[in-house]
Amino acid sequence: MRPALRLSGLHKRYRRGLWGRPDAVPALDGVDLVVQPGEILGLAGESGSGKTTLARVALGLIRPDAGQVEVLGQPIHQLRGAELDRFRRRVQPIFQEAEAHLDPGLSVRRILAQTLAIHRPGEAAPPLLTEVLERVGLGDRADAFVDQLSGGERRRVGVARVLLCRPELVIADEPTAGLDAARKHEILELLLCSEVPGRATLLISHDLPLLAGVATRLAVMLGGRVVEHLPIELLGHVPHHPFTQALLVASGARSRPEPETSGPRPRSVERSVGCPWVGACPEQQAECSAQRPPLAERSPGHEVACHALSPPPSLIR
Ligand code: SF4
């Protein structure tokens, strides 16, 4: 089966200023990730772990320094003209800072009418717009402008776009950040109620319990790398990467074992050699500072990059 999204060997370093030197710390440091049709891949990690850079690279908004991005079978950084337009019609982003992607000079109705005209030309706009505005709870806000909307309402406009566009792939970066629990639930329910058979979703959030409730697989990022990857049903039932373990403890999903993980609170240490969790990890070993732990399979579908959880050499890739 052709993946909806395939990221291979992604590397990205930002530069400070036009002629600035690349940051010492990579935003992406060799990321491989696949999202299959029909699945919801949850991507967890702290702020600054590389999640948003990964989303922007996957959407073709920034170029990686190295690596490949294939969306719906096409290498997106080679797309031009009509092919690029077609790609944009099949993939829909939702960003945390929704206002940056909404025209402040347009009302909600006009924004959605434009979306409809691009994605479903020829369809009767008024009934479709009325229906979708009601579904996302913006029926009485259709004539409001972007700066008159709350953060939650702007996010709803993004969800309305997804409902109108019927994309095959949704890449949602912190779509529920800053919302209360009830609103988070509503937004997710709308976002994930797929009307497109086989729709794939990359759902990015720092909220591990939220991801655990809706995702089919989970990837955990730390220091620009994927350090654990597993089917969601294994979460909490297998030995985890110490960073995932710390996220579980911090989220309240798992009690803090004593005395092994009673060390520093979760934080990532910025370094590109060795493990990014060095200095904070309660299970740190001698080789952790000098050798990058490989992402290796511990059981079917469960991969971990950690020297303390080394698999048999035959399984290391
Ligand atoms: S590789 Fe070492 S420092 Fe990194 S998580 Fe594993 S034990 Fe801890």
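Listed by first and then second residue, the pairs with beta-carbon distance under 8 Å, at least 6 apart or on different chains, first residue in the stretch 298-316 and within 12 Å of Pro231 (Cα to Cα), second modelled with pLDDT under 95, are Ser299/Val238; His302/Val238; Glu303/Leu295; Glu303/Ala296; Glu303/Glu297.
Scanning the stretch 276-295 for residues that are polar (S, T, N, Q) and touching a strand residue (DSSP E or B) at 6+ places or on another chain (Cβ under 6 Å) yields a count of 0.
Cβ separations smaller than 6 Å between residues 6+ apart or across chains give the following pairs from the stretch 281-296 residues that are among the hydrophobic types (A, V, I, L, M, F, W, C) to residues that are more than 8 Å from the ligand (Cβ to nearest atom): Leu295/Glu303; Ala296/Pro311; Ala296/Leu315; Ala296/Ile316.
Being farther than 18 Å from Leu203 by Cβ and in contact with a Pro (Cβ under 9 Å, 6 or more places away or on another chain) narrows it down to one of Gln78, Gln74, Gln92, Gln68, so name that one. Before the answer, list the steps.
Working: Gln78 fails: in contact with a Pro (Cβ under 9 Å, 6 or more places away or on another chain); Gln74 fails: in contact with a Pro (Cβ under 9 Å, 6 or more places away or on another chain); Gln92 fails: farther than 18 Å from Leu203 by Cβ.
Of Gln78, Gln74, Gln92, Gln68, the one residue that is farther than 18 Å from Leu203 by Cβ and in contact with a Pro (Cβ under 9 Å, 6 or more places away or on another chain) is Gln68.
The rows are residues; the columns are (1) of a type outside the set (D, E, K, R); (2) crowded, with 18+ Cβ neighbours inside 10 Å; (3) at pLDDT 95 or above; (4) within 18 Å of the chain's Cα centre (by Cα).
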residue	(1), (2), (3), (4)
Met1	yes, no, no, no
Ser8	yes, no, yes, yes
Arg16	no, no, no, no
Arg21	no, no, no, no
Leu33	yes, yes, yes, yes
Glu46	no, yes, no, yes
Ser49	yes, yes, no, yes
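All of (1) surrounded by 22 or more Cβ atoms within 10 Å (Cβ to Cβ); (2) farther than 18 Å from Val162 by Cβ; (3) more than 16 Å from the ligand (Cβ to nearest atom) hold for Glu233 with one exception: (1). Could you go through the stretch 259-270 and let me know if any residue there is within 25 Å of Gly48 (Cβ to Cβ), at pLDDT 75 or above and in contact with a helix residue (DSSP H, G or I) (Cβ under 7 Å, 6 or more places away or on another chain). No, because not a single residue in the stretch 259-270 is within 25 Å of Gly48 (Cβ to Cβ), at pLDDT 75 or above and in contact with a helix residue (DSSP H, G or I) (Cβ under 7 Å, 6 or more places away or on another chain).
Determine which member of the set Leu235, Leu208, Leu163 is without any contact (Cβ under 8 Å) to a residue 40 or more places away in the chain and in contact with a strand residue (DSSP E or B) (Cβ under 8 Å, 6 or more places away or on another chain). Outline the logic, then answer.
Values: Leu208 fails: without any contact (Cβ under 8 Å) to a residue 40 or more places away in the chain; Leu163 fails: in contact with a strand residue (DSSP E or B) (Cβ under 8 Å, 6 or more places away or on another chain).
Going through Leu235, Leu208, Leu163 in turn, just one is without any contact (Cβ under 8 Å) to a residue 40 or more places away in the chain and in contact with a strand residue (DSSP E or B) (Cβ under 8 Å, 6 or more places away or on another chain): Leu235.
Has the stretch 55-64 got any residue that is touching an Asp or Glu at 6+ places or on another chain (Cβ under 8 Å) and under 22 Å from Thr176 (Cα atoms)? Yes, because at least one residue in the stretch 55-64 is touching an Asp or Glu at 6+ places or on another chain (Cβ under 8 Å) and under 22 Å from Thr176 (Cα atoms).
Checking each residue in the stretch 271-317 for being modelled with pLDDT under 90 and more than 10 Å from the ligand (Cβ to nearest atom) picks out Arg271, Ser272, Val273, Pro311, Pro312, Pro313, Ser314, Leu315, Ile316, Arg317.
The values are calculated or read from the model by the stated rules, or taken from the named source; none is laboratory data. Because the structure is predicted, anything quoted here is derived from the model rather than measured. Counting neighbours? That spans all protein chains shown, and the Cβs are built from the backbone with ideal geometry, glycine included.
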